[in-house]
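Laboratory data are not the source of any read-out in this text; all were calculated from the coordinates shown. This is a predicted model, so every value here is computed, not measured. Counting neighbours? That spans all protein chains shown, and the Cβs are built from the backbone with ideal geometry, glycine included.
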Amino acid sequence: MVTRARSVTCAAAARAPIHGRGNRARLATFSSRRRRPAARNASSSSRLAETRRADDEQAGASAKESSAGDYDWKRQWYPVGTLSSFEKRASLREPIEVTLLGESLVVWAEPGKTQTVWSCSKNLCPHRLAPMSEGRVRDDGRIECSYHGWQFEKESGVCTRIPQASPEEEAKFCSSSRCTLSMHPIQVKYGLVWVWPDNSKAGLAESMDKPPVWLEPLEAIDDDDIETLSNEYYQRDLEYDFDTLVENIVDSSHVPHAHSGIQGHRDRPFPYGLDVVRFDRDAGVRATVAPKDRSEPVPEAMRESYVEFLPPVAIRYRFSSTFFNSWSGAKTKPNKRSANLVVLATPTAPGKCRIFFRTTVMHAESLPFMLKLISRLRPVFLEHQTRMDVFDSDAWLLAKQETQGLEYGTKRNWRELFVTPTRADDLVLGFRRWVDEWGAG
Ligand code: FES
Ligand SMILES: [Fe+2]
């Protein structure tokens, strides 16, 4: 995997966002606007609330590590597409429309460059608001509006051509910041294109210092000293909220049931619970694999295997060889190998999200040669077909779950509505508590 050097657009010429709603974005801004049916009756709610409080105390409430201020959703990097798919479209001179936190943006690149310079702006022409994604990319990397032909420089968004103006007027008008595209920082990392939503002056300054979320398995792919076995990204747009997706992905216990026959089987339920060991605004929530019974201590070897939410977008599973040995009863000697699943979930619009899914075996040297060969030769479409089946098989459950009385925007009333007595749900509860604490305003 080739990772391109970071290329943050120069923001000096960027003007204030046309449709900005301030720097702070709350989870509510990209949650579903569907009408919610009434919640359950009050007596049932209060009884369940008591159960909930007791569960909370057990579900890692003591693992809280930091609490200063709300999570700033707008001053973060979000993946908007895979580099390979964007490069293909850029080679056809297509401006690419993306949606992030409910806002339409356009991404483009200068054609034919080996070290592609990516640019991103709001999807609005400053002249009369035509979508720039309907325009064309010129040989010199400038983007041209399809309505009246105004042209804008890559990276800076400065206007360079107004066909309707005289040469003197053109120079004068183009020097005005009002004729400049409203640009956003953009960069490439882990084979993905990332965009930063807040292009206020302070937001732009912060984007220079803050990298995208650090992901060990994806770093390892680029590390020549670590043998990895990885697949291509699976990317898909889903018709439910970002937080519903995160809640679903961190929940390992649903897999053998909701995806029975595709991934696992309902006759072999997930044999473990989860124990929350990290609860932090910026570092997220982590739970290690644990015995089902809450009263049993977690063996040290189990702590090498965990599931975590890494804000703003990532979910990672890490399972060590010890975990697989204990699950399958194999007697093989434990080694450094670990199986990793990374899911990146980008909140695109209310009730919608875009996911990027990738599995990576780290320290794969101990895997049998034939297994590695078959895995590397497996066509991408076969892998993607399996992923399609997996996400298809619980999409309806999640879409329905969102309509069952959960409070619009924050889903704060999950405490009254969910009944979650087992340890299997502890990371789901940890994530919900993280949202309540820092993510929902
Ligand atoms: S709206 Fe873009 S040039 Fe007129
Ligand atoms: Fe699922």
For this session: Pop the C-beta distance of ASP209 and LEU377 into the FRET formula with R0 = 60 Å and round what comes out to the nearest 0.05.
Result: 0.90
Exercise. To the nearest Å, what is the center-to-center distance of segment 235-258 and segment 364-406, using C-alpha atoms only?
Worked result: 12 Å
For this session: List, in the order given, every pair from LYS74/LYS201; LYS201/LYS352; LYS88/LYS352 whose Cα-Cα distance in the structure shown is over 20 Å.
Result: LYS201/LYS352; LYS88/LYS352
For this session: Enter the Cα centre distance for the pair segment 190-223 and segment 98-147, rounded to the nearest angstrom.
Result: 20 Å
Seminar exercise, completed: In order over segment 249-265: 3J(HN,Hα) from phi, Karplus 6.51/-1.76/1.60, θ = phi - 60°, whole Hz, x for each Gly or Pro, gives 6, 6, 9, 5, 6, 7, 4, x, 9, 5, 10, 3, x, 9, 9, x, 8
Exercise. What is the distance, in nm, between label points placed 7 Å from the Cα along the Cα-to-Cβ direction at ARG266 and at ARG412?
Worked result: 3.7 nm
Problem set entry | Sequence-distant lysines (8 or more away, or on other chains) whose Cα lies within less than 29 Å of LYS336 | LYS189, LYS292, LYS372
Problem set entry | Average projection area in nm² (convex hull over Cα atoms of segment 78-209, one quarter of hull surface) | 8.0 nm²
Exercise. Sorted by mean Cβ packing within 10 Å, highest first, what order do the peptides 300-313, 391-404 take?
Worked result: 300-313, 391-404
Seminar exercise, completed: The set of residues whose placed amide H lies less than 5 Å from the amide H of LEU100, leaving out same-chain residues fewer than 5 positions away, is LEU105
Seminar exercise, completed: Shape descriptors of segment 163-240 over alpha-carbon atoms, Rg and Dmax in angstrom, are 20.2, 61
Exercise. Rg to Rh for segment 216-439: what is it, with Cα atoms only and Rh by Kirkwood?
Worked result: 0.95
Exercise. In whole Å, what are the Cα extents of segment 207-253 along the three principal axes, biggest one first?
Worked result: 38, 32, 20
Exercise. For LYS172, which aspartates and glutamates qualify as cross-link partners when the Cα separation must be under 20 Å and same-chain residues fewer than eight apart are set aside?
Worked result: GLU144, GLU153
For this session: Tell me which residues come under 5 Å, amide H to amide H, from ASP198 once H is placed; ignore anything under 5 positions away on its chain.
Result: GLN76
